[in-house]
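Structure, as structure tokens:
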Amino acid sequence: MTIEHHPTRRGEFWNGAKDTFPLVVGAVPFGIIFGALAVTSNISPGGALAMSAFVFAGSSQFIAAGLVSGGAPLLIIVLTTLVVNMRHALYAASLAPHTKHLPQRWLAPLGFWLTDESFVVVISRYTKSDPSPYKHWYFLGSAVFMYANWQLCTLIGIAAGQAIPNPLAWGLDFALVVTFIGMLAQFVRNRPALAASAVAGVCAVLANGLPNKMGLLLAAVLGIAAGVIAEALAPPAAVKPVDAGSPAGSAP
Amino acid sequence: MNELLLVAGMALVTFGVRYPVLMLVGKAPLPPAVLRALKFVPPAVLTAIIAPAVLFPRSAQLELSYANEYLVAAVVSAIVAWRTRNVLLTILIGMLALLLWRWLMGVV
């Protein structure tokens, strides 16, 4: 975390990019793997590039590629994308008190560019107490760097996917799973979150045979319900607040 | 699969989750019940993706066995993730465990 003593727009922008660098490095393999997986999942190179350019949400892009190759219908893929990306509403809700003074021409692009990575970096900038009036330029620097990197890595992955005949033989399909295991450990830090995770996992396995990959949606909803119920039943003192700012080093 | 519709639909719902909350919450905060439920979205969704991918790695056949290298590698990476909270280290060791166990099972 870098703080300017005399903040400028440009200084904040570059500090945002600089502080996001470690997470950009972490996103490189996922961008490449997404590009490679997409073209081996019968998504056209143009479709994969468009997904990275216009959706810009790594984990849901991975899942969409998996669902396309599994033959899931379009509506299910879009619904699954919605559920998987619901966590961004939590990030937006945490950032909103800091960005409410900004005009729409700032909020719309910053909203579009909101990722796990940028959230983690930017929220810690906003919670620093210095009175810089340009903290949104820091947000912009972080977001633009993540976005540019994601497009470039998708392009490299598409080229690699067409060059490597069978990326699954290299265990590349497992990269997303281990990434998510790493992210999951950041979220499961109290009993209600553990209940949400356990119920969702068991339901997803039991519902695996459901048509159209409906199991993921069903398991997610039941898991969320389990978390809410567990938290309501637990004595308030026993529940530590879930730290939304923890999933570092994940795909956007 | 109509890719244009697919990308448009995914883009719409994703932007529809990110932007309106950023725009509206500054003016009126989300109800506490919604915030409480949102907290559990990441653990529920992530586990719902991980569990079937690990236990049904090849087909509709449940593979609850030490011969399932995906399951072994997932357990190894879960331990690393829990102990270190380091995502990159989790990925590295998890991928190594997968390839190593696959090789071992092929040898034995």
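The values are calculated or read from the model by the stated rules, or taken from the named source; none is laboratory data. Quick caveat: nothing in here was measured; it's all calculated off a predicted structure. Note: ideal-geometry Cβ built from the backbone for every residue, glycine included; neighbour counts use all protein chains shown.
Structure above, values below:
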quantity: Test result for A:V144, β-branched (V, I, T), surrounded by fewer than 24 Cβ atoms within 10 Å (Cβ to Cβ) and over 16 Å from the mean Cα position of the chain (by Cα); calculated: no
quantity: Filtered residues of the range A:27-47 (kept if under 24 Å from A:G171 (Cβ atoms), modelled with pLDDT of 90 or more and at the interface with another protein chain (Cβ under 9 Å from one of its Cβ atoms)); calculated: A:I43
quantity: Meets criteria (out of contact with any strand residue (DSSP E or B) (no Cβ under 6 Å at 6 or more places or on another chain) and within 21 Å of A:F13 (Cβ to Cβ)) for A:L102; calculated: yes
quantity: Of residues in the range A:91-123 being more than 20 Å from B:L38 (Cβ to Cβ), free of Cβ contacts under 8 Å to residues at least 60 places away in the same chain and not in a loop (DSSP other than H, G, I, E, B), the one farthest from the other protein chains (Cβ to nearest Cβ); calculated: A:R105
quantity: The range A:32-55: number of residues that are among the small types (G, A, S), in contact (Cβ under 8 Å) with a residue 12 or more places away in the chain and over 20 Å from A:L140 (Cα atoms); calculated: 5
quantity: Qualifying residue in the range B:62-71 (condition: among the small types (G, A, S) and touching a Ser or Thr at 6+ places or on another chain (Cβ under 7 Å)); calculated: no
quantity: Qualifying positions in the range A:67-79 - without any contact (Cβ under 8 Å) to a residue 60 or more places away in the chain and either out of contact with any Ser or Thr (no Cβ under 6 Å at 6 or more places or on another chain) or under 19 Å from A:N149 (Cβ atoms) (or both); calculated: A:G71, A:L74, A:L75, A:I77, A:V78
quantity: Helices (runs of 4 or more DSSP H) enclosed by the range A:1-76 - at least 3 residues per element that are among the hydrophobic types (A, V, I, L, M, F, W, C), at negative phi and buried (at least 24 other Cβ atoms within 10 Å of the Cβ); calculated: A:9-40, A:58-69
quantity: Of all residues making up the range A:160-210, the number that are polar (S, T, N, Q) and at the interface with chain B (Cβ under 9 Å from one of its Cβ atoms); calculated: 4
quantity: Residue tally, condition under 19 Å from the mean Cα position of the chain (by Cα) and more than 7 Å from chain B (Cβ to nearest Cβ), over the range A:61-75; calculated: 5
quantity: The one condition in (1) outside the structural domain of A:A93 (by TED's automatic domain parsing); (2) outside any loop (DSSP other than H, G, I, E, B); (3) farther than 19 Å from B:T14 by Cβ; (4) not aromatic (F, W, Y) that A:A160 fails to fulfil; calculated: (1)
quantity: Test: residue in the range A:211-229 that is free of Cβ contacts under 8 Å to residues at least 12 places away in the same chain, in contact with a helix residue (DSSP H, G or I) (Cβ under 6 Å, 6 or more places away or on another chain), assigned to a helix (DSSP H, G or I) and aliphatic (A, V, I, L, M); calculated: no
quantity: Breaking point among (1) more than 8 Å from every other protein chain (Cβ to nearest Cβ); (2) touching a residue at least 40 places away in the same chain (Cβ under 8 Å); (3) under 26 Å from B:P42 (Cα atoms); (4) surrounded by fewer than 24 Cβ atoms within 10 Å (Cβ to Cβ), for A:Y126; calculated: (2)
